[in-house]
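**Q** Below is the structure I would like to discuss, written out as structure tokens.
The values are calculated or read from the model by the stated rules, or taken from the named source; none is laboratory data. Worth saying up front: this structure is predicted, and the values here are computed from it rather than measured. All Cβ positions, glycine included, derive from the backbone under ideal geometry; neighbour counts span all protein chains shown. Protein only, heavy atoms only, side chains kept; ligands, DNA and RNA dropped before computing areas. Shrake-Rupley method; radii C 1.70, N 1.55, O 1.52, S 1.80 Å.
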Amino acid sequence: MNETKKRFFFYLLIWLCLDFVQAIFTPLHADEAYYALYGQHLAWGYYDHPPMVAIICWLSSLIGTGYLSVRFVTILMHAGTLGLVWLTLPEGERTDTHSVNRFFLISSSLFMFVLYGFITTPDAPLLFFTALFFFLYKKFLVDSNWLNALGMAGCMAAMLYSKYMAALLIVLVILSNINILKNSKFCCAGILALLLFAPHILWQIQNDFPSFKYHLVSRSDPFSINYLLEFIPNQLLVFNPACFALALYFCWKERKNKDLQTRAQLFSIVGFIFFFWLMTIKGHAEPHWTVAISIPIILLLHQCTSNISWKKRLLRLLLPFAIITFIVRIILCINILPENTGFKNYEKRIEGLHQLCGSRPAVFVASFQNPSLYQYYTHENAFSVGSVYFRDTQFDLWQCDTLTQGKPAVIFAEVSKGQVIDIDGKQFIYVPTEHFQSANRIQIKLLHSEIQEDSVTFDINIRNDYNTPFDFNHPEFRANIYVAYLINHHLQYELCSNPEPAIIPPHGTIQHQVKVRYIPDMPATFCIDNTVNMSRNSDVFKVRSEN
């Protein structure tokens, strides 16, 4: 083994050890606890994401303990990511130890790239399979045989199973080399990738496309200039100001480069930045959505800074950010970051909640993080019930509340009737009950509407999807039906009369007529106030005067 390879593997081993230490001591992020639950319930899809992160968590639970039971495979994949990116570099760029130094300097200065080396989220496998995709694409350009085509097919499917935005990356690479569509083997690889991805598409169809509705519709917000203006500053935090600026500079400088591998990098970087900047028109763009282009950024910067003058400048530019990244890693381990970062040791807090609940399920209103953390630390039953003010989550797909209906539970919600307890510096309002009743599985369907001047009459069908009766006059959870109008991005409620009889049998339906104030052309939905939460119980509809 030559000196270059020895140095590369030496640095890679140090990186791997750092990630293991980091993973052991960095508190579990609330989102990681949520994905750990995915791993306990393997499926072809989940409300928020495709299933690759669940597979990683499941495999990690078979190998690791403690936080490594969620992060073990992520750490190994990240080491593999670095190896694949190194092998994707042109052979002439991997000939001396200075190239190794430069490679790890660039990689270690990219903030979010480093973070996803020990934190398990869907971005971790996306980075790995993006690196594999660029490596296989390089091989395919040299020799478009069937073996390389099959590798591309499997890799593209794995990318899509990691995160949906992988589709954008694949499209951008194709646009950088549109003639590749004339290659029958590549087209076959694309078809095979879609066939491999078909089980997830089928899962979406069977569950009424929850992920697509969430990402394409539910996450939309009214346009705000702040979303547009904050995008670039956020990208500086994702990568680091120097790498981001250099990447854009070299994209411009190399814009006429005919090398297909380089063009793929340029199209990916510029395309991702432009696409998600454009997406701010329909709402906030999360900064980390662009993290996949860390791979082409590393490749591009390494290739474009190979001359002596750039080697010296690169050290001055990137070394401070590599040091800052290392300091942040230390801070993560010693648990001093603010709670809103998500990196806090919640074990003491969860233990206090567990002592309060005992063997009773912990029910959290409008939160997927809290029940996930509760289950992770206690291995006891906890779940979330949704709210009209909060998006649906995987707990809604699992319909966990159906198993607790009519049974003892402790509900944590912002309600006036609750008791207050302070645990580890945070106040919780809780409601203990012996006969829990949720209204989230009560489905209201609008059958007919009739407008009379300033009022409207609705004929509705109310269906109880629970295995137990639903009582509108429940002694602890009296329920009331409302029509909620969305006016200037705020909900305005109109109280409806409750049905008679007030008890709906298990899986039973009743017809009911309600009359409320008419607000023309406003989106509306039926909600049920169940004392501890206001659930959304119908599709959104509009009542127009011409009806």
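**Q** Please go through (1) of a type outside the set (Phe, Trp, Tyr); (2) surrounded by fewer than 24 Cβ atoms within 10 Å (Cβ to Cβ); (3) in contact with a Phe, Trp or Tyr (Cβ under 8 Å, 6 or more places away or on another chain) for ALA167 and return the number of the only condition it doesn't satisfy.
**A** Of (1) of a type outside the set (Phe, Trp, Tyr); (2) surrounded by fewer than 24 Cβ atoms within 10 Å (Cβ to Cβ); (3) in contact with a Phe, Trp or Tyr (Cβ under 8 Å, 6 or more places away or on another chain), only one is false for ALA167: (3).
**Q** Cβ contacts < 8 Å: first residue under 10 Å from PHE436 (Cβ atoms), restricted to region 384-409; second residue part of a helix (DSSP H, G or I) and modelled with pLDDT of 90 or more, any location; separation 6+ or different chain. Result?
**A** So the pair list comes out as VAL385/PHE395; VAL385/ASP401.
Yes/no matrix, rows are residues, columns are (1) of a type in the set (A, V, I, L, M); (2) open to solvent by less than 50 Å² (accessible area, probe 1.4 Å); (3) in contact with an Asp or Glu (Cβ under 8 Å, 6 or more places away or on another chain):
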site	(1), (2), (3)
ILE411	yes, yes, no
GLY418	no, yes, no
SER449	no, yes, yes
THR468	no, yes, no
ASN473	no, no, no
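For (1) at pLDDT 95 or above; (2) open to solvent by less than 10 Å² (accessible area, probe 1.4 Å); (3) at negative phi; (4) under 19 Å from the mean Cα position of the chain (by Cα), each residue gets a yes or a no:
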position: GLY358; (1), (2), (3), (4): no, no, no, no
position: ALA362; (1), (2), (3), (4): yes, yes, yes, no
position: ALA366; (1), (2), (3), (4): no, no, no, yes
position: PRO371; (1), (2), (3), (4): yes, yes, yes, yes
position: HIS379; (1), (2), (3), (4): no, no, no, no
position: GLY386; (1), (2), (3), (4): no, yes, yes, yes
position: ASP392; (1), (2), (3), (4): no, no, yes, yes
position: ASP396; (1), (2), (3), (4): no, no, yes, yes
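**Q** Is it fair to say SER535 is assigned to a loop (DSSP other than H, G, I, E, B) and modelled with pLDDT under 95?
**A** Working: assigned to a loop (DSSP other than H, G, I, E, B): no; modelled with pLDDT under 95: yes.
Spelling it out, it is not the case that SER535 is assigned to a loop (DSSP other than H, G, I, E, B) and modelled with pLDDT under 95.
**Q** Please go through (1) open to solvent by less than 20 Å² (accessible area, probe 1.4 Å); (2) closer than 30 Å to ARG94 by Cα; (3) free of Cβ contacts under 8 Å to residues at least 40 places away in the same chain; (4) not β-branched (Val, Ile, Thr) for LEU318 and return the number of the only condition it doesn't satisfy.
**A** (3)
**Q** Ok, one more. Give the residue that is nearest to ALA167 (Cα to Cα), with candidates limited to residues of region 291-306 that are among the hydroxyl-bearing types (Ser, Thr, Tyr) and modelled with pLDDT under 95.
**A** Applying the first criterion (among the hydroxyl-bearing types (Ser, Thr, Tyr)) to region 291-306 yields 294, 305-306.
Subsequent filtering for residues that are modelled with pLDDT under 95 retains 305-306.
Values: THR305: 30, SER306: 31 Å.
The extreme case among them is THR305.
**Q** Go through region 205-233 and report how many residues are open to solvent by 40 Å² or more (accessible area, probe 1.4 Å) and of a type in the set (Gly, Ala, Ser).
**A** Restricting attention to region 205-233, the residues satisfying the condition of being open to solvent by 40 Å² or more (accessible area, probe 1.4 Å) are 205-209, 212-213, 215-223, 225-230, 232-233.
Those still in the list that are of a type in the set (Gly, Ala, Ser) too: 218, 220.
Going through region 205-233 one residue at a time, the tally reaches 2.
**Q** For region 343-444, please list each of the strands (runs of 3 or more DSSP E) lying entirely inside it that holds at least 2 residues being farther than 17 Å from ASN533 by Cβ. Break it down into steps so the answer makes sense when it comes.
**A** Working: elements: 362-365, 382-385, 409-412, 419-423, 426-433.
Filter on region 343-444 gives 419-423, 426-433.
**Q** Tell me yes or no: at least one residue of region 111-125 is of a type in the set (Ser, Thr, Tyr), open to solvent by less than 10 Å² (accessible area, probe 1.4 Å) and touching a residue at least 24 places away in the same chain (Cβ under 8 Å). Give the steps one after another, and end with the answer.
**A** Taking region 111-125 first, the residues of a type in the set (Ser, Thr, Tyr) are 116, 120-121.
From what is left, the residues that are open to solvent by less than 10 Å² (accessible area, probe 1.4 Å) are 120.
Filter again for touching a residue at least 24 places away in the same chain (Cβ under 8 Å), leaving 120.
Checked region 111-125: at least one residue is of a type in the set (Ser, Thr, Tyr), open to solvent by less than 10 Å² (accessible area, probe 1.4 Å) and touching a residue at least 24 places away in the same chain (Cβ under 8 Å).
**Q** Can you tell me which residues in region 169-191 are in contact (Cβ under 8 Å) with a residue 40 or more places away in the chain and within 16 Å of PRO125 (Cα to Cα)?
**A** Result: LEU169, single match.
**Q** Does region 14-34 include one or more residues that are more than 20 Å from PHE395 (Cα to Cα), open to solvent by less than 70 Å² (accessible area, probe 1.4 Å), acidic (Asp, Glu) and in contact (Cβ under 8 Å) with a residue 12 or more places away in the chain?
**A** Yes, region 14-34 contains a residue that is more than 20 Å from PHE395 (Cα to Cα), open to solvent by less than 70 Å² (accessible area, probe 1.4 Å), acidic (Asp, Glu) and in contact (Cβ under 8 Å) with a residue 12 or more places away in the chain.
**Q** Look through region 398-422, keep the residues that are among the charged types (D, E, K, R) and closer than 17 Å to ASP465 by Cα, and return whichever of them is nearest to the chain's Cα centre (by Cα).
**A** Once the filter is applied, the top-ranked residue is ASP401.
**Q** If you don't mind, there's one more thing I want to ask. Would you mind telling me which numbered condition in (1) open to solvent by 10 Å² or more (accessible area, probe 1.4 Å); (2) over 22 Å from VAL114 (Cβ atoms); (3) modelled with pLDDT of 95 or more ALA264 fails?
**A** Of (1) open to solvent by 10 Å² or more (accessible area, probe 1.4 Å); (2) over 22 Å from VAL114 (Cβ atoms); (3) modelled with pLDDT of 95 or more, only one is false for ALA264: (1).
**Q** Looking at TYR137, TYR164, which one is within 29 Å of the chain's Cα centre (by Cα), outside any helix (DSSP H, G or I) and not charged (D, E, K, R)?
**A** Values: TYR137 fails: outside any helix (DSSP H, G or I).
From the options TYR137, TYR164, the qualifying one is TYR164.
**Q** Right, next: Considering region 485-506 alone, what residues qualify as being under 35 Å from the mean Cα position of the chain (by Cα), under 25 Å from TYR518 (Cα atoms) and either open to solvent by 50 Å² or more (accessible area, probe 1.4 Å) or not β-branched (Val, Ile, Thr) (or both)?
**A** We begin by selecting, within region 485-506, every residue under 35 Å from the mean Cα position of the chain (by Cα); these are 485-494, 506.
Subsequent filtering for residues that are under 25 Å from TYR518 (Cα atoms) retains 485-494.
Hits for region 485-506 are TYR485, LEU486, ASN488, HIS489, HIS490, LEU491, GLN492, TYR493, GLU494.
**Q** Filter region 420-435 for residues that are over 19 Å from GLU347 (Cα atoms), open to solvent by 60 Å² or more (accessible area, probe 1.4 Å) and not charged (D, E, K, R) and give the result.
**A** Within region 420-435, VAL420, HIS435 meet the criteria.
**Q** Also, quick follow-up: I'd like to know if region 195-204 contains one or more residues that are in contact with a helix residue (DSSP H, G or I) (Cβ under 6 Å, 6 or more places away or on another chain), open to solvent by less than 30 Å² (accessible area, probe 1.4 Å), at pLDDT 95 or above and assigned to a helix (DSSP H, G or I). Reasoning before the result, please.
**A** Within region 195-204, the first condition is being in contact with a helix residue (DSSP H, G or I) (Cβ under 6 Å, 6 or more places away or on another chain), and the residues that meet it are 196-197.
Now narrow it down to the ones that are open to solvent by less than 30 Å² (accessible area, probe 1.4 Å): 197.
Now drop any that are not at pLDDT 95 or above, which leaves 197.
Those still in the list that are assigned to a helix (DSSP H, G or I) too: 197.
Among the residues of region 195-204, at least one is in contact with a helix residue (DSSP H, G or I) (Cβ under 6 Å, 6 or more places away or on another chain), open to solvent by less than 30 Å² (accessible area, probe 1.4 Å), at pLDDT 95 or above and assigned to a helix (DSSP H, G or I), which makes the answer yes.
**Q** Could you please find all residues in region 257-292 being of a type in the set (A, V, I, L, M) and either outside any helix (DSSP H, G or I) or in contact with a strand residue (DSSP E or B) (Cβ under 9 Å, 6 or more places away or on another chain) (or both)? Give the derivation first.
**A** Step one: list which residues in region 257-292 are of a type in the set (A, V, I, L, M), which gives 260, 264, 266, 269-270, 273, 278-279, 281, 285, 291-292.
Of everything in region 257-292, just one residue is of a type in the set (A, V, I, L, M) and either outside any helix (DSSP H, G or I) or in contact with a strand residue (DSSP E or B) (Cβ under 9 Å, 6 or more places away or on another chain) (or both), namely ALA285.
**Q** With respect to GLN40, is the statement that it is of a type in the set (S, T, N, Q), farther than 30 Å from PHE244 by Cα and touching a helix residue (DSSP H, G or I) at 6+ places or on another chain (Cβ under 8 Å) true? Before you say what the answer is, go through the steps one by one.
**A** Working: of a type in the set (S, T, N, Q): yes; farther than 30 Å from PHE244 by Cα: yes; touching a helix residue (DSSP H, G or I) at 6+ places or on another chain (Cβ under 8 Å): yes.
Answer is yes for this residue.
**Q** Could you say whether any residue in region 215-223 is within 20 Å of the chain's Cα centre (by Cα), in a helix (DSSP H, G or I) and in contact (Cβ under 8 Å) with a residue 40 or more places away in the chain? Outline the logic, then answer.
**A** Our first condition is that a residue be within 20 Å of the chain's Cα centre (by Cα); within region 215-223, this holds for 215-221.
If we keep only those that are in a helix (DSSP H, G or I) too, we end up with 215-218.
With the extra rule that they be in contact (Cβ under 8 Å) with a residue 40 or more places away in the chain, the set shrinks to 215, 218.
The answer is yes; a qualifying residue exists.
**Q** Separate question: Would you mind stating whether SER309 is open to solvent by 20 Å² or more (accessible area, probe 1.4 Å), free of Cβ contacts under 8 Å to residues at least 12 places away in the same chain, in contact with a strand residue (DSSP E or B) (Cβ under 9 Å, 6 or more places away or on another chain) and not in a strand (DSSP E or B)? Break it down stepwise before answering.
**A** Numbers: open to solvent by 20 Å² or more (accessible area, probe 1.4 Å): yes; free of Cβ contacts under 8 Å to residues at least 12 places away in the same chain: yes; in contact with a strand residue (DSSP E or B) (Cβ under 9 Å, 6 or more places away or on another chain): no; not in a strand (DSSP E or B): yes.
Judged against the criteria, SER309 is not a match.
**Q** Examine region 243-259 for a residue that is surrounded by fewer than 16 Cβ atoms within 10 Å (Cβ to Cβ), at pLDDT below 95 and within 22 Å of the chain's Cα centre (by Cα), and state whether such a residue exists.
**A** Looking through region 243-259, none of the residues is surrounded by fewer than 16 Cβ atoms within 10 Å (Cβ to Cβ), at pLDDT below 95 and within 22 Å of the chain's Cα centre (by Cα).
**Q** Further question on the same structure: One residue is enough: does region 510-518 have a residue meeting the conditions closer than 19 Å to PHE390 by Cβ and touching a residue at least 24 places away in the same chain (Cβ under 8 Å)?
**A** Of region 510-518, the ones closer than 19 Å to PHE390 by Cβ are none.
No: region 510-518 contains no residue that is closer than 19 Å to PHE390 by Cβ and touching a residue at least 24 places away in the same chain (Cβ under 8 Å).
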